[in-house]
Amino acid sequence: MKDKSKGYRIFSICNYILLSMIALACLYPFYYVVAASFSNPEALMRHQGLLLFPLQEMTLDGYDMVFNNELVLSGFANTFFVLVVGLIFNMVLTVIGAYVLSLKDLMLRRPLTLFIIVTMYFSGGLIPTYLNIKNLGMLDSLWSLIIPGAIATSNLIIMRSAFMAVPEALSEAARIDGASHVQILFQIMLPLVKATLAVMVLYYGVSHWNSWFNASIYLRTPSQYPLQLVLRNILVESQTGDMMQDIGAARSPQVQQLIKYALIVVSSVPIIVVYPFLQRFFQKGVMIGAVKG
């Protein structure tokens with residue numbers, strides 16, 4: 001027993017060391033970006049190797065240029081609009097669709113479910129989708145980022161499985177007492193699948209927050225761009241010229257790098273702050289949705 005106990009302790013120590021090194025490797029790039037965003041741009045360009053602290057005197061010039069830029073502010077506003085309104089559409093339609101598909105006495109339930117699952121593997125393609133959105137008059141509109149993706153099939157299936165995991169006796173007892181489907185859904189089903197609802201909010205929320213591809217296809221007016229498309233244009237296409245305002249900063253590669261680091265931090269912090277509050281529901285919600293179906 002002593003040998004096993006000693007071996008277990010050695011394994012645990014090695015395991016902790018390995019996991020700590022992996023965690024450090026994952027966290028350091030973000031820490032580097034944060035430290036670089038507060039660093040002196042001239043010193044940052046000369047620096048090589050690891051960056052543990054902001055270089056020279058801390059500066060907020062990068063954040064000043066980011067928060068005083070109209071494109072970034074409109075990007076935040078557009079992203080929050082798509083996030084809030086999109087989440088409402090996502091959750092309402094997903095919950096209603098999943099509840100209907102979870103009803104065992106629903107006519108043609110299996111063929112209908114199979115038809116929906118097929119859309120996970122086969123889509124109409126980019127060009128037909130673009131033409132469809134154009135004919136619906138949603139080009140250059142934020143609604144093109146909300147309505148076409150109102151329901152994610154994978155989330156619908158998870159939500160359906162969560163409803164099916166609820167004991168059927170509860171809904172049967174409610175129906176005997178005269179409850180309607182709306183009452184059963186809101187008073188019985190939803191309170192019992194709160195963890196899965198939190199997971200759905202997280203899935204849809206992260207998807208909206210990180211989305212830029214659809215915006216790059218359907219939007220033409222820069223003031224309509226969401227934050228991630230603004231971030232992409234700055235990082236990939238180096239469109240930082242209009243952000244260099246008269247705060248004593250020259251139009252130089254050093255300042256451009258500072259702007260990029262500051263914008264990465266600004267665009268990442270909101271979702272990082274929200275995630276810990278939903279993380280405790282994450283594993284439980286996914287497991288509940290995978291029990292049955």
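For Ala162, the conditions (1) open to solvent by 70 Å² or more (accessible area, probe 1.4 Å); (2) closer than 24 Å to Leu112 by Cβ; (3) hydrophobic (A, V, I, L, M, F, W, C) are fulfilled apart from (1).
Taking the conditions exactly as written (of a type outside the set (Lys, Arg), under 17 Å from the mean Cα position of the chain (by Cα) and under 25 Å from His181 (Cβ atoms)), does Ser161 satisfy them or not? The answer is no for Ser161. Taken over region 146-158, the criterion of being assigned to a helix (DSSP H, G or I) and in contact with a Leu (Cβ under 8 Å, 6 or more places away or on another chain) is satisfied by Leu156 alone.
Residues that are touching a residue at least 24 places away in the same chain (Cβ under 8 Å) and either open to solvent by 50 Å² or more (accessible area, probe 1.4 Å) or more than 30 Å from Val265 (Cβ to Cβ) (or both) do not occur anywhere in region 171-179. What are the residues in region 47-56 that are in contact with a helix residue (DSSP H, G or I) (Cβ under 9 Å, 6 or more places away or on another chain) and either open to solvent by less than 70 Å² (accessible area, probe 1.4 Å) or not aromatic (Phe, Trp, Tyr) (or both), if any? The answer is His47, Leu50, Leu51, Leu52, Pro54, Leu55, Gln56. Taken across region 194-205, residues that are out of contact with any Leu (no Cβ under 8 Å at 6 or more places or on another chain) and either over 30 Å from Leu227 (Cα atoms) or of a type in the set (D, E, K, R) (or both) do occur, with at least one present.
Within region 94-113, does at least one residue satisfy the condition of being farther than 14 Å from Met189 by Cβ, open to solvent by less than 70 Å² (accessible area, probe 1.4 Å) and either among the hydroxyl-bearing types (Ser, Thr, Tyr) or in contact with a Lys or Arg (Cβ under 8 Å, 6 or more places away or on another chain) (or both)? Yes, because at least one residue in region 94-113 is farther than 14 Å from Met189 by Cβ, open to solvent by less than 70 Å² (accessible area, probe 1.4 Å) and either among the hydroxyl-bearing types (Ser, Thr, Tyr) or in contact with a Lys or Arg (Cβ under 8 Å, 6 or more places away or on another chain) (or both).
Considering only region 132-152, I want to know if a residue exists there that is within 14 Å of Ser102 (Cβ to Cβ), open to solvent by less than 30 Å² (accessible area, probe 1.4 Å), of a type in the set (A, V, I, L, M) and at pLDDT 90 or above. Scanning region 132-152 turns up no residue that is within 14 Å of Ser102 (Cβ to Cβ), open to solvent by less than 30 Å² (accessible area, probe 1.4 Å), of a type in the set (A, V, I, L, M) and at pLDDT 90 or above.
Among residues of region 63-93 being closer than 23 Å to Leu156 by Cα, of a type in the set (Val, Ile, Thr) and touching a residue at least 24 places away in the same chain (Cβ under 8 Å), the one that is most open to solvent (accessible area, probe 1.4 Å) is Val85.
The values are calculated or read from the model by the stated rules, or taken from the named source; none is laboratory data. Because the structure is predicted, anything quoted here is derived from the model rather than measured. Please note: Cβ atoms are built from the backbone with ideal geometry, for glycine as well, and neighbour counts cover all protein chains shown. Surface accessibility is based on the protein's heavy atoms, side chains included, excluding ligands, DNA and RNA. Shrake-Rupley method; radii C 1.70, N 1.55, O 1.52, S 1.80 Å.
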